[in-house]
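Here the structure comes first, spelled out in structure tokens, and everything after it is commentary.
The numbers here are math on the coordinates, done by the rules we state, and not lab data. Keep in mind the model is a prediction, meaning the values are calculated, not measured. As a convention, Cβ positions derive from the backbone with ideal geometry for all residues, glycine included, and neighbour counts pool all protein chains shown.
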Ligand SMILES: O=C(O)CCC(=O)C(=O)O
Ligand SMILES: [Fe+2]
């Protein structure tokens, strides 16, 4: 089912509204879900009443961008793990993270390493992913040993562990190319990543109001205001906003604008040097302005969760309305970045095993 967030013609909206009312009633009366087609079953199960109601009362012009939730400030800003030495985060830094929704930049890699890695990234820019069998910048750590080594470096994992706890999983990574003169990545936010297909969340935390997912964003090139470094709206991880369909901006393939007032908000533009990284919750509104230079702005990110959060349980594939295509999950899994996976709640993959397997593959004749 195509739930692309886009303006719908009047006649479609006239059909969609009563259908939504029916589904909301179906949920309210706990009617049996088994007989529903898969997409409708997902909607009845995963959409909250406020998600239905927002669409209905706006005449299908506005929707929650993800499962709505409020954020609970924790009682203590003590690190979840004692780390001594250069990677230690002081309580005031952790408090700053909880107040703003992001923290950094921190040093991780040398400029020389990143200048060299740049070539490796550019070499795979338009190539097919071995994991998904189509061209996508997602989850290349399954086939790029060097990327996986960077992702598991202590400079990153020891800091994230102080915010999320000792046992950490990566459930996704992404390479960002941001080519010369390419457009902005508009302001967005995500909680359980239901925003991907509006049917099923990717993540199933027990408490939606906790910080259960973090993004680590690593600059491979110097990211500056000119080439489109990250921008954040501090404190906006407090709640999930709505989107209005349409508008001039685009988030990858989808057209919508996030309902917040950029004029009234204090937007922080955060330059990050090559080899440095920023940690943020995807719930904090963020984006990046256009690249106005003649060079790529390269970066990669890591999506991190603690081991008690299930990812894509019982799912064979998902569709991303943003990054296009169907992602079959048979080669995908969560991977241990640090510590141990004692919960074993999701399919899991050791990228080092895949690296061996992929390097053994016999190249097909042209
Ligand atoms: O690289 C960018 O410009 C955007 C990154 C982003 O949105 C993310 O890592 O979640
Ligand atoms: Fe993002």
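A single member of 140, 159 is in contact (Cβ under 8 Å) with a residue 12 or more places away in the chain and within 18 Å of the chain's Cα centre (by Cα), and it is 140.
Scanning region 45-59 for any residue that is exposed (fewer than 15 other Cβ atoms within 10 Å of the Cβ) and at positive phi turns up at least one such residue.
Each row is one residue, and each column tells you yes or no for (1) without any contact (Cβ under 8 Å) to a residue 12 or more places away in the chain; (2) within 14 Å of ligand 1 (Cβ to nearest atom); (3) at negative phi.
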{"site": "166", "(1), (2), (3)": "no, no, yes"}
{"site": "170", "(1), (2), (3)": "no, yes, yes"}
{"site": "176", "(1), (2), (3)": "no, yes, yes"}
{"site": "181", "(1), (2), (3)": "no, no, no"}
{"site": "197", "(1), (2), (3)": "no, no, yes"}
{"site": "210", "(1), (2), (3)": "no, no, yes"}
{"site": "218", "(1), (2), (3)": "no, yes, yes"}
{"site": "227", "(1), (2), (3)": "no, yes, yes"}
{"site": "235", "(1), (2), (3)": "no, no, no"}
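Cβ separations smaller than 7 Å between residues 6+ apart or across chains give the following pairs from region 89-115 residues that are surrounded by fewer than 16 Cβ atoms within 10 Å (Cβ to Cβ) to residues that are assigned to a helix (DSSP H, G or I): 107/155. Quick check, is residue 131 surrounded by fewer than 21 Cβ atoms within 10 Å (Cβ to Cβ) and more than 14 Å from ligand 2 (Cβ to nearest atom)? Taking the combined requirement at face value, the residue does not satisfy it. Report yes if some residue within region 243-254 is within 28 Å of residue 70 (Cα to Cα), touching a strand residue (DSSP E or B) at 6+ places or on another chain (Cβ under 8 Å), assigned to a loop (DSSP other than H, G, I, E, B) and free of Cβ contacts under 8 Å to residues at least 12 places away in the same chain; otherwise report no. Within region 243-254, one or more residues are within 28 Å of residue 70 (Cα to Cα), touching a strand residue (DSSP E or B) at 6+ places or on another chain (Cβ under 8 Å), assigned to a loop (DSSP other than H, G, I, E, B) and free of Cβ contacts under 8 Å to residues at least 12 places away in the same chain. A single member of 301, 308 is part of a strand (DSSP E or B), within 19 Å of the chain's Cα centre (by Cα) and within 30 Å of residue 347 (Cα to Cα), and it is 301.
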